[in-house]
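> Please see the structure below; I have some questions.
The values are calculated or read from the model by the stated rules, or taken from the named source; none is laboratory data. Note that the structure is a prediction, hence the values are computed from the model and not measured. Note that we place each Cβ from the backbone using ideal geometry, even for glycine, and neighbour counts take in every protein chain shown.
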Amino acid sequence: MSEEITNATILLVEDHNDLAATIGAYLEDSGYAMDYAADGSIALNLMEDNLYDVIILDLMMPKVNGIRVCTRLRERGDSTPILMLTARAGESDRVTGLELGADDYLTKPFSLRELTARVRSLLRRVRWERGTPEGVYADSRLEVDPARMLVRVAGGEVHLTRREFAILWHLISLGGRVVAREQILDAVWGLATIVEPRTVDAHIRTLRRKIGDDVIETLIGAGYRFRSRP
């Protein structure tokens, strides 16, 4: 990643379509990939299958509001940074959002430049805390580029979900060492997750269908390891 960390993916949860379009267009122009959800229930569904670098979350929404989304994410151990948006300027509302697990708080109306600066600040913090995979893995059949989220098998590009990619790169980064399902859950889903360990098995099966059965080896009773080729 560059210092600006512009190859991040952001989930914007905002029920006002015009505002969502304005924010999304500005952030896309700044180099970020965007996903959108018009209410909290859609957002929670998206987060079941995708990994995001930052979540921009409106506080007041129909069906499932921002408070419930934030609470649900933190209860299940998801540590994705959350920037909460709200029209409420009171101190108690800001404190409530932060106590529930939001990382930052921005009151409407706000400037798009300030919003982008806060997103960059959250991304820098995560980069410093977690580190960022560097380099490109390549062997005679498989190429994996974490900076571009690119995977090629026998020269052809293969689409992986963000969780699938995270699992694959985690295994690659261990250099062939065996890793237990629980360790993969901690690395990809977050500590204290309530996701069942068998979820890892399902993702591994999908990975094998996409990149080949012999790339990830199962060691019964121990876990998984990546098998490199010459």
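> Quick one: residue 35 ticks every box in (1) under 22 Å from residue 149 (Cβ atoms); (2) assigned to a helix (DSSP H, G or I); (3) of a type in the set (D, E, K, R) bar one, so which box is it?
If we test residue 35 against (1) under 22 Å from residue 149 (Cβ atoms); (2) assigned to a helix (DSSP H, G or I); (3) of a type in the set (D, E, K, R), just (2) comes out false.
> Taking the range 29-56 only, how many residues are closer than 16 Å to residue 111 by Cα and under 17 Å from the mean Cα position of the chain (by Cα)?
Counting residues in the range 29-56 that are closer than 16 Å to residue 111 by Cα and under 17 Å from the mean Cα position of the chain (by Cα) gives 1.
> Between 148, 208, 163, 229, which is free of Cβ contacts under 8 Å to residues at least 40 places away in the same chain, of a type in the set (Lys, Arg) and not in a strand (DSSP E or B)? Even if it seems obvious, please write down each step before you answer.
On the way: 148 fails: free of Cβ contacts under 8 Å to residues at least 40 places away in the same chain; 163 fails: free of Cβ contacts under 8 Å to residues at least 40 places away in the same chain; 229 fails: free of Cβ contacts under 8 Å to residues at least 40 places away in the same chain.
Of the residues listed, the single one that is free of Cβ contacts under 8 Å to residues at least 40 places away in the same chain, of a type in the set (Lys, Arg) and not in a strand (DSSP E or B) is 208.
> Test each condition in (1) without any contact (Cβ under 8 Å) to a residue 40 or more places away in the chain; (2) surrounded by 13 or more Cβ atoms within 10 Å (Cβ to Cβ); (3) more than 22 Å from residue 145 (Cβ to Cβ) for residue 221 and report the one that comes out false.
Of (1) without any contact (Cβ under 8 Å) to a residue 40 or more places away in the chain; (2) surrounded by 13 or more Cβ atoms within 10 Å (Cβ to Cβ); (3) more than 22 Å from residue 145 (Cβ to Cβ), only one is false for residue 221: (2).
> So, of the residues in the range 127-161 that are at pLDDT below 80 and surrounded by 10 or more Cβ atoms within 10 Å (Cβ to Cβ), which turns out to be farthest from residue 173 (Cα to Cα)? Before you say what the answer is, go through the steps one by one.
Filtering the range 127-161 for residues at pLDDT below 80 gives 127-135, 147-148.
Checking the rest, the ones that are also surrounded by 10 or more Cβ atoms within 10 Å (Cβ to Cβ) come to 127, 130, 132-133, 135, 147.
On the way: 127: 17, 130: 14, 132: 11, 133: 8, 135: 10, 147: 14 Å.
Filtering first and then ranking leaves 127.
> Report, by residue number, each residue of the range 57-71 that is more than 17 Å from the chain's Cα centre (by Cα) and aliphatic (A, V, I, L, M).
Listed by number, the residues that qualify are 59, 60, 61, 64, 67.
> Let me ask something additional. Here are some conditions: (1) in contact (Cβ under 8 Å) with a residue 24 or more places away in the chain; (2) under 19 Å from residue 118 (Cβ atoms). Residue 28 meets all but one. Which one does it not meet?
Against the list (1) in contact (Cβ under 8 Å) with a residue 24 or more places away in the chain; (2) under 19 Å from residue 118 (Cβ atoms), residue 28 comes up short only on (1).
> Can you confirm whether residue 113 is assigned by TED's automatic domain parsing to the domain that holds residue 49, exposed (fewer than 11 other Cβ atoms within 10 Å of the Cβ), at pLDDT 80 or above and in a helix (DSSP H, G or I)? I'd like the intermediate steps shown before the answer.
Numbers: assigned by TED's automatic domain parsing to the domain that holds residue 49: yes; exposed (fewer than 11 other Cβ atoms within 10 Å of the Cβ): yes; at pLDDT 80 or above: yes; in a helix (DSSP H, G or I): yes.
When the stated conditions are applied, residue 113 passes them.
> Of the conditions (1) modelled with pLDDT of 85 or more; (2) surrounded by 17 or more Cβ atoms within 10 Å (Cβ to Cβ); (3) under 15 Å from the mean Cα position of the chain (by Cα), residue 9 fails just one. Which one is it?
Failing condition for residue 9: (2).
> For the range 51-70, state whether one or more residues are at pLDDT 90 or above, outside any loop (DSSP other than H, G, I, E, B) and surrounded by fewer than 18 Cβ atoms within 10 Å (Cβ to Cβ).
No, that holds for no residue.
> Considering each residue of the range 65-90, count those that are more than 27 Å from residue 186 (Cα to Cα) and either of a type in the set (Val, Ile, Thr) or assigned by TED's automatic domain parsing to the domain that holds residue 166 (or both), and give that number.
Total meeting the criteria: 1.
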